[in-house]
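Colleague: Before we start, here is the structure in question, set down as structure tokens.
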Amino acid sequence: MMLHTFTPGHLRTLHPTIREYADQYVQVLSEEREIAEHNMLKYMKHVALDIIGAASYGYATGVLRKQDTPLAVALETIVSQVSNDTIRVPLPTALRAYLP
């Protein structure tokens, strides 16, 4: 069902969206270069969420720019639970618990 998503032609159509968020990612890092340490994993999760939201759903999540959005907090909670192998509820149910 999702095979068309990974065809070369379809991936080419996503290039402008991916490029837009990649440029935004570089800009955010450039603006925050004064900070001694960066949590790069957190930045990568946020840019991935922005790209997936825009490319798949046409929804600009904005979590790369404003990292404390309800969606970003929910993502961080869910990903940390998955990485700790503790999540035991379906993903949509988990999201409803963290989003208004």
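Just so it is clear, none of the values below were taken in a lab; they were calculated from the coordinates. Only a predicted model underlies this, so the values are computations on that prediction, with no experimental measurement involved. Virtual Cβ from ideal backbone geometry, glycine too; neighbours counted across all protein chains shown.
Colleague: What is the local net charge at Glu31, summed over the other residues whose Cβ is closer than 14 Å to its Cβ (Lys, Arg +1; Asp, Glu -1)?
Modeller: Once all neighbours under 14 Å are counted, the net charge is 0.
Colleague: Moving to a separate point now. Can you tell me the order of 8-16, 45-53, 68-76 when each peptide is scored by its average per-residue count of other Cβ atoms within 10 angstrom, highest first? Please report the intermediate quantities before stating the final value.
Modeller: Details: 8-16: 10.0, 45-53: 19.7, 68-76: 16.0.
Per-residue mean Cβ counts within 10 Å order the peptides as 45-53, 68-76, 8-16.
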